[in-house]
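Read-outs throughout are calculated quantities, based only on the coordinates presented, and are distinct from any laboratory measurement. This is a predicted model, so every value here is computed, not measured. Using ideal geometry, Cβ is built from the backbone for each residue, glycine included, and neighbour counts are taken over all protein chains shown.
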Amino acid sequence: MAREKKIEEYDVVIIGGGASGMTAGIYAGRARLKTLLIEKSLVGGLATYTNEIENYPGFPEGTTGLELMNRFQAQAKKFGVKFKGTDVKSVDFSGETKIVETFRNIYKSKVVIISSGGRPRTTGAENEENFLFDKGISFCATCDAASNTGKDVLIIGSGDAAIEEGMFLTKFANKVYVSVIHDNGKMDCNEIAKAEALANPKMEFLWNTMVKRFEGGDHLERVVLENVKTREEVPVETPTCFEFIGYIPNTEIFEDHVEVNAKGYLPVNENMETKVEGVYAVGDVTEKFLKQVATAVGDGAIAGYAAEKYIAEIEVYQNQILSKDGVVFVYDASEEACREHLCDIDEIEKHAKGVFQVTRVDVYKSKGIANRMHIHRVPSLAVIKNGEIVKVFEDSFTCKKVCEAMGIADCSCAH
Ligand SMILES: Cc1cc2nc3c(=O)[nH]c(=O)nc-3n(C[C@H](O)[C@H](O)[C@H](O)COP(=O)(O)OP(=O)(O)OC[C@H]3O[C@@H](n4cnc5c(N)ncnc54)[C@H](O)[C@@H]3O)c2cc1C
């Protein structure tokens with residue numbers, strides 16, 4: 001008999017325990033939200049695979065990925081974030097309450113933050129798994145350029161990332177070999193990058209080649225390429241092979257629940273919001289210009305902060321705005337046309353005393369409550385009765401009209 005899943009409720013559930021997810025946790029936890037972070041393998045995510053992180057601010061001597069991520073986790077725990085080591089199997093974002101399901105549990109949450117990152121695409125060639133990450137196969141030139149100063153390195157791929165990262169590596173390496181599957185002169189990158197790369201004396205192109213196998217002892221020593229036309233083997237002696245043949249975002253389980261773009265990434269706005277209210281995405285799982293710990297942290301901070309505002313707005317909306325009959329004036333305090341109406345609102349409030357409530361919602365600070373009310377023009381005045389919006393005045397309204405809408409017969413308004 002199938003075991004019944006245990007149900008737990010949270011304010012925020014974070015899917016993925018890398019740099020972005022843990023930062024979101026630190027912000028949400030510190031805002032006293034009941035926060036759960038679910039990580040399926042190693043807390044710390046991709047950053048834990050790198051021995052040296054030299055470009056994360058605050059560590060002038062550098063640090064290891066594991067050490068840095070352990071600090072992130074300690075800080076999140078300090079603010080009460082609960083960690084669960086399990087795989088999220090499915091989600092349901094269709095209702096106001098979001099559902100996140102694991103093998104044993106069902107988690108219900110007001111907010112979900114997706115921070116599931118991604119994984120670099122690999123070649124699948126022989127022995128590749130023996131040399132991944134710190135053993136010679138790298139996916140990050142920014143991270144591993146300095147340690148290859150004066151050495152010969154190999155790049156796999158000819159897209160924009162491969163060529164731009166290759167150009168960057170020429171500042172450090174002695175020689176940058178580039179394995180390209182296409183015929184001489186044919187590359188997948190843009191024409192400007194191509195012209196610059198072909199003119200760079202430190203770059204040497206190995207046309208019509210693919211990786212056949214990786215060789216070495218504890219660390220990579222050699223990559224054996226194969227000419228796809230002649231089948232001839234082309235060995236390249238190198239301690240580091242950079243693979244830039246794409247990145248696979250971990251978004252498979254979200255595909256039917258939130259917008260996923262053609263490349264598999266989750267599109268977000270500047271507040272890290274997806275198009276589904278209450279669902280945010282951060283870090284490498286979003287399509288972004290620079291995938292690094294420093295940028296993942298920025299995303300996480302924004303989402304953690306936004307989650308707190310979103311939850312506060314739900315509470316104001318449900319417990320204040322909808323809980324009593326009244327009117328809600330939606331305005332933008334930075335617009336003069338809106339400010340002019342504030343005197344009318346004062347007058348309405350005078351007449352409303354004790355009979356109905358008057359609430360002012362300034363969209364300059366946040367559009368959350370206005371969006372919830374489906375009000376997109378300011379100024380607007382919404383009439384609430386029995387927990388529902390029954391009328392919306394856009395642009396113009398008079399005290400008399402509002403009293404009428406509220407059913408106040410003996411209104412003594414001047415206009
Ligand atoms: C080899 C290497 C070296 C790097 N070196 C540097 C460097 O020196 N400096 C730097 O700034 N950046 C570096 N980076 C980049 C940096 O690691 C990433 O940008 C950063 O880790 C992104 O963090 P993230 O939280 O978005 O995702 P990730 O770190 O990828 O974390 C995502 C987490 O989500 C988990 N997850 C996925 N799906 C699920 C699921 N269904 N249920 C539960 N958990 C799930 C994964 O297991 C993973 O732990 C390096 C990257 C690599 C690959």
Query - Estimated [θ] at 222 nm from DSSP helical runs (n ≥ 4, -39500 (n - 2.57)) normalised by residues in the chain, nearest 500 - result: -7000 deg cm²/dmol
Query raised in the report: Under a point-charge model restricted to the Cβ atoms of Lys and Arg (+1) and Asp and Glu (-1), what is the dipole moment magnitude of the range 287-415 relative to its Cα centre, in debye to the nearest 20?
Result: 280
**Report entry** Per-bin percent of Cα-Cα distances, the range 1-118 [5 Å]
**Finding:** 2, 12, 21, 22, 18, 12, 6, 4, 2, 1, 0, 0
Requested in this report: Take the alpha carbon atoms of the range 299-331, find their center, do the same for the range 341-390, and report the distance between the two centers in whole angstrom.
Outcome: 14
Requested in this report: Using the Karplus curve 6.51 cos²θ - 1.76 cosθ + 1.60 with θ = phi - 60°, work out ³J(HN,Hα) for each residue of the range 343-360 in order, rounded to whole Hz, and write x for Gly and Pro.
Outcome: 5, 4, 5, 4, 5, 4, 5, 4, 6, 7, 2, x, 8, 9, 8, 10, 10, 10
Query - SER90-THR64 pseudo-label distance in nm [points 7 Å out on the Cα-to-Cβ vector] - result: 4.0
Query raised in the report: Roughly how compact is the range 324-405, stated as its Cα Rg over 2.2 N^0.38 Å to two decimals?
Result: 0.99
Query - Neighbour cut-off at most 14 other Cβ (10 Å), DSSP loop, GluC sites (Glu not before Pro), the range 91-134 - result: GLU96
Query raised in the report: GNM on the chain, C-alpha springs below 10 Å: top fluctuator among CYS403, CYS189, CYS343?
Result: CYS343
Query raised in the report: According to a simple spin-label model (label point 7 Å from Cα along Cα-to-Cβ), what is the distance in nm between ARG213 and GLU270?
Result: 5.4
Report summary line: Among chymotrypsin sites (Phe, Trp or Tyr not before Pro) in the range 248-334, those in a DSSP loop whose Cβ has at most 15 other Cβ atoms within 10 Å are PHE289
Report task. Round to the nearest 10 and give me the degree value, 0 to 90, for the angle of helix 293-316's Cα axis relative to the longest principal axis of the chain. Result -> 20
**Report entry** Relative contact order, percent, the range 262-398 [alpha-carbon distance under 8 Å, six or more residues apart]
**Finding:** 21
Query raised in the report: How large is the dipole of the chain about the Cα centre if only Lys and Arg carry +1 and Asp and Glu carry -1, each at its Cβ, rounded to the nearest 20 debye?
Result: 1180
Report summary line: Plugging the Cβ-Cβ distance of GLU232 and ALA262 into 1/(1 + (r/R0)^6) at R0 = 35 Å yields, to the nearest 0.05, a FRET efficiency of 0.45
Requested in this report: Go through the range 83-90 residue by residue and turn each phi into a ³J(HN,Hα) via Karplus (6.51, -1.76, 1.60, θ = phi - 60°); whole Hz please, and just put x for glycine and proline.
Outcome: 9, 10, x, 7, 9, 6, 8, 7
Query raised in the report: Which whole-number percentage describes the relative contact order of the chain, with Cα contacts under 8 Å and a sequence gap of 6 or more?
Result: 15
Query raised in the report: So, in Å, what gap is there between the alpha-carbon centers of the range 266-288 and the range 180-251?
Result: 33
Query raised in the report: How large, in Å, is the range 122-243 by the Kirkwood hydrodynamic radius built from its alpha-carbon pairs?
Result: 14.1
Query raised in the report: In degrees from 0 to 90, rounded to the nearest 10, what is the angle of the helix 65-78 Cα long axis to the longest principal axis of the chain?
Result: 20
Query raised in the report: Under the Kirkwood approximation applied to all pairs of distinct alpha-carbon atoms, what is the hydrodynamic radius of the chain in Å?
Result: 24.9
Requested in this report: Show me 379-387, 226-234 ranked by packing, highest mean number of other Cβ atoms within 10 Å first.
Outcome: 379-387, 226-234
